[in-house]
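What follows is a short report on a single structure.
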Amino acid sequence: MHTDKEIKTIGVLTSGGDAPGMNAAIRAVVRTAISMGIKVKGIMRGYSGLLNEEIMDMSIRSVSEIIQRGGTILYTARCLEFKEMSGVMKGKEMCEKHGIDGLVVIGGDGSFRGAQDLSNVGVPCVGVPGTIDNDIACSEYTIGYDTAMNTAMEMVDKLRDTAHSHERCSVVEVMGRRAGHIALNTGIACGACVILVPEKPFDPQKDLLDRIRYSQSVGKRHFIVVVAEGVGSAGDIAGLIQNTLGIDSRTTVLGHVQRGGSPTLRDRVMATKMGYRAVELLSQNIGNRVVAIQKGELVDFEINEALAMQKTIDERLLNIGHAISI
Ligand SMILES: Nc1ncnc2c1ncn2[C@@H]1O[C@H](COP(=O)(O)OP(=O)(O)OP(=O)(O)O)[C@@H](O)[C@H]1O
Ligand SMILES: O=P(O)(O)OC[C@H]1O[C@](O)(CO)[C@@H](O)[C@@H]1O
Ligand SMILES: [Mg+2]
């Protein structure tokens, strides 16, 4: 979408679940814009802050010392009111009132739906994928994914020590909402003997119990099972293993620890590139876009097109995991 209006001031907000690297993206947006002569307003608490006018001027120095920090200095929220047309119209009014000509929305797919609605009523918005789940179909990568996976990997390594010592099975539930990307990669990196993801329906007998039984028959004495939260309860899976195979099993739900911490190098660099591109687009009066990574390159898509895409799980990696985790 091209608008005729010159973009003099942009807003930036973070929305949905926080993700490590969001601060690096905010920093890139603020500094890129200022270097182009565009003013920046920071909007607190996602779309809620826009509706409640929690809006502040940002300067080069207001984003100092944040590139290494997890979370988001702008706070984040899930705002039900923005899902209604009346909320979106109020958002447009607030942008007009505060002189915001365009908006960078750092968040996940839900946040992009809000950005699309706002673009459709005349406020150009550019989405920056910020979610640990890596569930934005148009992009190979989302900000926070690498840090979350590395955190999960460190946690599972610790669980392995105790599972090994007690010759137990450790069933670990990782985040990802309806996607299994964190589970798959963490499972591979930690040598899990079973990885369960929502994209690939599993047969408990064949894909779980037989696999563990076979590993046991070839000498394995402790077992790591990584379950994506979208599959169901890790506790039920541990119970099934314990009751059917008689292997002492424990459940750990990693939870929000995966959302925190200092972002990895990859997340900081990706966030910086994506934030820069978002401002570049807005500065050219281009809105209704999502910044993305495809084949390692920075690209962008219409929000409509981006939201209609489907992401699949890396089946080859899943098969590799199954082949070697014996
Ligand atoms: N269909 C929609 N129309 C307008 N706004 C929406 C819509 N869906 C979501 N939003 C807005 O975006 C916010 C965040 O959405 P959601 O909770 O789905 O998280 P997300 O951006 O997908 O991030 P994550 O999944 O990583 O937590 C919502 O609280 C709401 O304010
Ligand atoms: O912040 P909440 O409401 O606990 O949301 C948890 C969800 O958010 C995420 O952490 C990020 O989308 C998902 O992995 C998880 O399902
Ligand atoms: Mg989402």
Those residues of the stretch 84-100 which are part of a helix (DSSP H, G or I) and touching a residue at least 12 places away in the same chain (Cβ under 8 Å), in sequence order: Met85, Gly87, Val88, Met89, Lys90, Gly91, Lys92, Met94, Cys95, Lys97
Residue in the stretch 4-14 that is in contact with a helix residue (DSSP H, G or I) (Cβ under 7 Å, 6 or more places away or on another chain), more than 16 Å from ligand 1 (Cβ to nearest atom), not polar (S, T, N, Q) and not in a loop (DSSP other than H, G, I, E, B) present: yes
Any hit, the stretch 299-322, residues being polar (S, T, N, Q) and in contact with a Pro (Cβ under 7 Å, 6 or more places away or on another chain): no
Options Thr162, Thr142: the member that is among the hydroxyl-bearing types (Ser, Thr, Tyr), modelled with pLDDT of 95 or more and within 16 Å of ligand 2 (Cβ to nearest atom): Thr142
Gly99 vs. criteria farther than 20 Å from Val290 by Cβ and touching a Pro at 6+ places or on another chain (Cβ under 8 Å): no
Number of positions in the stretch 167-184 that are outside any loop (DSSP other than H, G, I, E, B), in contact with a Lys or Arg (Cβ under 9 Å, 6 or more places away or on another chain) and closer than 17 Å to Asn150 by Cα: 1
Residues of the stretch 236-250 that turn out to be in contact (Cβ under 8 Å) with a residue 24 or more places away in the chain, within 30 Å of the chain's Cα centre (by Cα) and within 19 Å of Phe202 (Cα to Cα), as a count: 2
Sole exception among (1) of a type outside the set (Gly, Ala, Ser); (2) more than 30 Å from Gln310 (Cα to Cα); (3) within 16 Å of ligand 3 (Cβ to nearest atom) for Cys169, by number: (3)
Qualifying residues in the stretch 200-225 (those that are under 35 Å from the mean Cα position of the chain (by Cα) and assigned to a loop (DSSP other than H, G, I, E, B)) - the one surrounded by the most Cβ atoms within 10 Å (Cβ to Cβ): His222
Output for the stretch 54-112, where each listed residue is within 16 Å of ligand 2 (Cβ to nearest atom), β-branched (Val, Ile, Thr) and within 14 Å of Ala24 (Cβ to Cβ): Thr72, Ile106
Residue list for the stretch 1-19, filter: within 24 Å of the chain's Cα centre (by Cα) and either within 16 Å of ligand 3 (Cβ to nearest atom) or among the β-branched types (Val, Ile, Thr) (or both): Ile10, Val12, Leu13, Thr14, Ser15, Gly16, Gly17, Asp18, Ala19
Some residue of the stretch 141-148 being within 15 Å of ligand 3 (Cβ to nearest atom) and farther than 18 Å from Val269 by Cβ: no
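Yes/no matrix, rows are residues, columns are (1) at pLDDT 95 or above; (2) over 24 Å from Lys90 (Cβ atoms); (3) within 18 Å of the chain's Cα centre (by Cα):
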position	(1), (2), (3)
Ala24	yes, yes, yes
Lys41	yes, no, no
Asn52	yes, no, no
Glu65	yes, yes, no
Selection count where residues are under 20 Å from Thr9 (Cα atoms) and touching a helix residue (DSSP H, G or I) at 6+ places or on another chain (Cβ under 9 Å), scope the stretch 278-312: 11
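For every residue, the table says whether it meets (1) farther than 21 Å from Ala19 by Cβ; (2) outside any loop (DSSP other than H, G, I, E, B); (3) at pLDDT below 95.
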| residue | (1), (2), (3) |
| --- | --- |
| Ala238 | yes, yes, no |
| Pro263 | no, no, no |
| Val269 | no, yes, no |
| Lys273 | no, yes, no |
| Ile293 | no, yes, no |
| Asp300 | no, yes, no |
Residue, farthest from Thr186 (Cα to Cα), within the stretch 133-171, restricted to residues that are among the charged types (D, E, K, R), within 25 Å of the chain's Cα centre (by Cα) and surrounded by fewer than 20 Cβ atoms within 10 Å (Cβ to Cβ): Glu140
Residue match in the stretch 118-132 (condition: surrounded by 20 or more Cβ atoms within 10 Å (Cβ to Cβ) and in a helix (DSSP H, G or I)): yes
Residues being away from ligand 3 (no atom under 16 Å from the Cβ) and in a strand (DSSP E or B) - total across the stretch 101-117: 3
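The values are calculated or read from the model by the stated rules, or taken from the named source; none is laboratory data. Here the structure is a predicted model, which is why all the values come from computation and not from measurement. In this analysis, Cβ positions are derived from the backbone assuming ideal geometry, glycine residues included, and neighbour counts consider all displayed protein chains.
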